[in-house]
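The values are calculated or read from the model by the stated rules, or taken from the named source; none is laboratory data. Computed from a predicted structure; not experimentally measured. Heads up, the Cβs are rebuilt from the backbone with ideal geometry, glycines too, and the neighbour counts pull from every protein chain shown. In case anyone asks, the SASA skips ligands and DNA or RNA and just uses the protein heavy atoms, side chains included. Shrake-Rupley method; radii C 1.70, N 1.55, O 1.52, S 1.80 Å.
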Amino acid sequence: MPTTTDGLNNEQLAAALDTEGAVLVTAGAGSGKTRLLTHRIAHIIRDLGVPAYNVLAITFTNKAAEEMKNRLYSLLPDASDIWVSTFHSMCARILRRHSAVIGYGQNFTIYSQEESERLIKQTVKECWPQMDDGGATAKLAAQTISSAKNDGYSPEQMLENYSGYRDIELIADVYAEYEKRLKAYNAMDFDDLLLKTYELFSRSEEILLSYCRKFRYIHVDEFQDTNEIQYGLVRLLASGNGNIFVVGDEDQSIYGWRGAYVANMQSFIEDFGAKLYKLERNYRSTKNILTLANKLIKNNTSRIDKNLWTESGAGEPPVFYKARSETGEADFIVNTIRKLISDGYRPHDFAVLMRVNALTRTLEQRFMQYSLPYKVYGGFKFFDRKEVKDIIAYLRVISNKYDEEAITRIINFPKRGIGDTTVEKIREYCTASGKCFYDAITGDIPTLGQSVMTKVSAFGKLLEKLNEYAKVSDVAELSEKIIELARIKEAYSDDTEENTTRKLNIDDFISSAHEFVNNRGGTLNDFLQEVTLYTEGDDEANDCVYLSTVHSAKGMEFRCVFIAGAEEGLFPLSRASDVPDELEEERRLMYVA
């Protein structure tokens with residue numbers, strides 16, 4: 001059996017042997033932090049004789065927890081008594097044991113994000129019918145409530161601390177009613193698992209002390225990704241023995257939009273009087289890559305200073321290619337990949353990373369054109385994205401008025417107050433009258449009430465107007481007119497990262513239509529046929545080039561990486577230019593890439 005400190009370098013060894021009190025390790029990318037964590041835990045149990053059930057290890061994903069368990073099993077004869085889990089699974093385990101203290105049954109249900117959003121939507125519909133706009137208010141409420149719970153706020157505290165938020169008075173009321181319903185259903189959402197555990201510890205000193213006695217040695221991985229409530233849980237659990245060991249890299253904190261609070265790293269040092277260790281030796285990258293990364297991240301001020309180094313060779317120098325257009329950039333990437341494949345590389349050696357997945361469209365077209373296998377990792381291919389498929393549906397109806405599937409897709413997008421019940425009544429009328437769906441909605445449907453018919457007629461008139469434009473417009477002009485008259489961009493008016501991406505996708509769709517007109521020409525039907533062919537790529541191919549956002553690719557490694565769209569407005573996003581904290585996160589994201 002290997003010794004507990006086998007294979008640790010000097011930096012790792014010093015941190016592993018420092019087992020008492022609060023310790024923070026700022027671990028640079030590729031510096032072996034998982035090895036450090038597992039060997040430190042093995043040292044505590046085997047060399048110091050601490051029972052395995054007195055050790056807690058928390059990480060952020062189930063995959064990371066499984067990897068840690070497997071490594072511990074290779075170092076220890078029996079690691080089954082160590083609590084190795086995510087924050088959420090740890091809290092669920094604790095709450096199952098003590099749920100009665102906070103008024104829940106032991107068999108409480110845990111709602112998924114989809115189930116939570118559905119309950120919030122139902123709550124708005126039943127309690128505030130005047131605000132039932134098809135789900136937009138409910139979605140905003142769900143996002144705001146989740147943020148409040150991550151910050152540890154009750155509805156009253158949210159109202160006080162989020163005073164500048166849109167519709168905050170209504171959302172605070174929705175939050176309160178949503179909580180009542182969860183309690184009545186004996187259910188918790190994912191955010192509740194953290195918040196209710198914090199409430200449990202705050203309400204019962206006896207229960208908190210029992211876990212403080214149990215967890216004599218606490219370890220937290222990816223500490224830079226903790227939010228306010230997770231940090232609060234760590235402080236409570238460590239309040240007994242004070243033996244708390246956290247590992248993270250503030251330079252890789254890229255989830256601020258999800259509630260992660262990068263300042264927790266610095267706060268930990270101050271709150272706990274923690275000793276600081278730095279893992280600066282990198283085992284993954286070459287000297288040229290690290291030089292570039294170090295030079296970039298030094299521009300951030302919210303960080304603990306460190307400088308990654310490696311004993312690896314210099315490696316290939318990073319290449320900067322300034323293209324004249326998005327098409328030129330795609331051509332450079334594809335031609336470089338083709339050349340390297342001819343030199344012996346495989347498609348899976350390559351990744352093309354970008355800030356937002358709106359940039360994949362031109363790349364996808366070039367990959368299809370040259371028969372290069374590819375996969376859009378962690379997202380949909382460009383022409384499969386909802387906002388793009390919605391515009392295509394409008395085009396399909398103009399091309400073919402009998403396309404009922406396309407009509408029903410867009411009859412209530414953007415929101416027009418035409419629900420599923422109305423659609424079903426129209427369908428019944430069509431069956432009885434022998435009319436097609438298009439003719440019905442552009443005529444009169446006597447089975448509908450006047451107010452509903454007014455909404456349906458407005459949609460029918462929109463389609464008729466678009467059909468008139470189609471007679472004198474090419475596909476690019478027609479697409480622009482659809483977006484304008486249907487007010488599609490206004491459906492994504494809230495200032496969120498998701499909506500920013502959707503609007504970029506819409507702009508890119510227009511670019512694709514102009515490219516079709518300028519380079520290939522043809523009819524609307526030709527364009528729709530070409531789009532359909534682009535959506536039939538092989539998603540199952542393993543030996544393929546990966547197209548991915550940087551967020552989705554974090555933790556993965558590739559032999560050759562391209563970073564596309566590195567320009568002001570795209571990477572970094574335009575909205576970050578005047579907000580120092582957001583600009584620093586954009587810089588951290590480039591550092592991860």
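Quick look at the values:
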{"item": "Search result, residues across region 286-305 that are of a type in the set (S, T, N, Q) and out of contact with any Leu (no Cβ under 8 Å at 6 or more places or on another chain)", "result": "Thr286, Asn288, Thr291, Asn299, Asn300, Thr301, Ser302"}
{"item": "Members of region 137-168 that are more than 26 Å from Arg235 (Cα to Cα), of a type in the set (Ser, Thr, Tyr), surrounded by fewer than 20 Cβ atoms within 10 Å (Cβ to Cβ) and within 25 Å of the chain's Cα centre (by Cα)", "result": "Tyr165"}
{"item": "Yes/no for Glu497 being of a type outside the set (Gly, Ala, Ser) and open to solvent by 50 Å² or more (accessible area, probe 1.4 Å)", "result": "no"}
{"item": "Among residues of region 320-376, those that are among the basic types (Lys, Arg), assigned to a helix (DSSP H, G or I) and exposed (fewer than 15 other Cβ atoms within 10 Å of the Cβ), counted", "result": "2"}
{"item": "Selection count where residues are closer than 15 Å to Leu462 by Cβ and of a type in the set (S, T, N, Q), scope region 396-407", "result": "0"}
{"item": "Selected residue (criterion: nearest to Leu140 (Cα to Cα)) from residues of region 169-188 that are surrounded by fewer than 19 Cβ atoms within 10 Å (Cβ to Cβ) and without any contact (Cβ under 8 Å) to a residue 60 or more places away in the chain", "result": "Leu170"}
{"item": "Cβ-Cβ under 8 Å pairs, at least 6 apart or on other chains, region 401-425 side farther than 16 Å from Asp439 by Cα and of a type in the set (A, V, I, L, M, F, W, C), far side open to solvent by 80 Å² or more (accessible area, probe 1.4 Å) and part of a helix (DSSP H, G or I)", "result": "Ile418/Lys455"}
{"item": "Of all residues in region 264-289 being surrounded by fewer than 18 Cβ atoms within 10 Å (Cβ to Cβ) and among the β-branched types (Val, Ile, Thr), the one that is nearest to Ile304 (Cα to Cα)", "result": "Ile269"}
{"item": "In region 444-470, residue farthest from Pro414 (Cα to Cα) [restricted to those that are in a loop (DSSP other than H, G, I, E, B) and open to solvent by 90 Å² or more (accessible area, probe 1.4 Å)]", "result": "Pro446"}
{"item": "Given (1) surrounded by 20 or more Cβ atoms within 10 Å (Cβ to Cβ); (2) touching a residue at least 12 places away in the same chain (Cβ under 8 Å), number of the condition Ile102 does not satisfy", "result": "(1)"}
{"item": "Selection count, region 105-130, where residues are more than 28 Å from Leu140 (Cα to Cα) and either open to solvent by 80 Å² or more (accessible area, probe 1.4 Å) or among the polar types (S, T, N, Q) (or both)", "result": "2"}
{"item": "Subset of region 403-441 [in contact with a Lys or Arg (Cβ under 6 Å, 6 or more places away or on another chain) and part of a helix (DSSP H, G or I)]", "result": "Ala406, Tyr438"}
